[in-house]
Amino acid sequence: MFKRKAKKPKVKITVSPDYPLPPELRQDNCGTHPYVRGLTSHRWADERRHRLHHPNMMFATLFICFCRDTYGFLMPLDKQLATYIGDYPYFLNVKAQLNLGVVAYSGMAMLTLIYYRYLYHIKRYPFPEAPIRLMAGAVTPRSVGLIDEAVIIEMCKSAKFWFHHTKRNTNIVGLAAFVICFAPVHFGTGDWTLFPIYFPWGFINGIGAYETDPAYD
């Protein structure tokens, strides 16, 4: 009654260290992640990125988070003041620890962006180019020091897996960060009249955490 779909026969992939990777192992958009996520202004092709991932936008957001959490760390324990600045660590009862942690990681992320910007101005790509060019099929495995077929296939399959899941994981981190930054203030305050005040802070804090993730990927 129901016909089973015929399974496609598995084709054994063969790789020669003296020839570029076969299409099955290549990653067409390899090398675009640093540009698309705003880590560098170096473009490999005509890839596009969202405005939120422009390095200047990322730096401005991280700087706001750095200043807000510095103030949150230094300010006295006051619920009303914490609501006005969206101080979610206060409502999680980890005011000092979490604010200090955000100051640390946002500061490190800003320094990373500054360093990458400096490398761009001196025309130096901040990431190893050999693996990227290999995965894109531009060079041979032997040119980057790979000669064992099994190692080449396993490495390329693993790299393709992570390339495909990086974007999804980053988006999940952004959504989780927004929930963590917004929900404690919303439920801790319990006053809808203050929603227009603390919601923008939840959005900014969430975007700050979302944009910090690529800097450490």
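The values are calculated or read from the model by the stated rules, or taken from the named source; none is laboratory data. These numbers were taken from a predicted model, which means no experiment stands behind them. Here Cβ is always computed from backbone atoms with ideal geometry, including for glycine, and neighbour counts include all displayed protein chains.
In the set (1) more than 17 Å from the chain's Cα centre (by Cα); (2) hydrophobic (A, V, I, L, M, F, W, C); (3) farther than 22 Å from Gly202 by Cβ, Ala159 fails one condition alone, (1). I'd like to check something: does the range 110-125 contain any residue that is without any contact (Cβ under 8 Å) to a residue 60 or more places away in the chain and polar (S, T, N, Q)? Scanning the range 110-125, I find no residue that is without any contact (Cβ under 8 Å) to a residue 60 or more places away in the chain and polar (S, T, N, Q), so the answer is no.
Tell me, yes or no, whether the range 43-53 has at least one residue that is closer than 25 Å to His186 by Cα, crowded, with 18+ Cβ neighbours inside 10 Å and within 23 Å of the chain's Cα centre (by Cα). No, the range 43-53 contains no residue that is closer than 25 Å to His186 by Cα, crowded, with 18+ Cβ neighbours inside 10 Å and within 23 Å of the chain's Cα centre (by Cα). In the set Ala60, Ala104, Ala82, Ala96, only one residue is touching a residue at least 40 places away in the same chain (Cβ under 8 Å), within 22 Å of Ala177 (Cβ to Cβ) and either out of contact with any Ser or Thr (no Cβ under 8 Å at 6 or more places or on another chain) or not in a helix (DSSP H, G or I) (or both); that residue is Ala82. State yes or no: is Ala45 at pLDDT below 75, assigned to a loop (DSSP other than H, G, I, E, B) and under 29 Å from Ile122 (Cβ atoms)? Taking the combined requirement at face value, the residue satisfies it.
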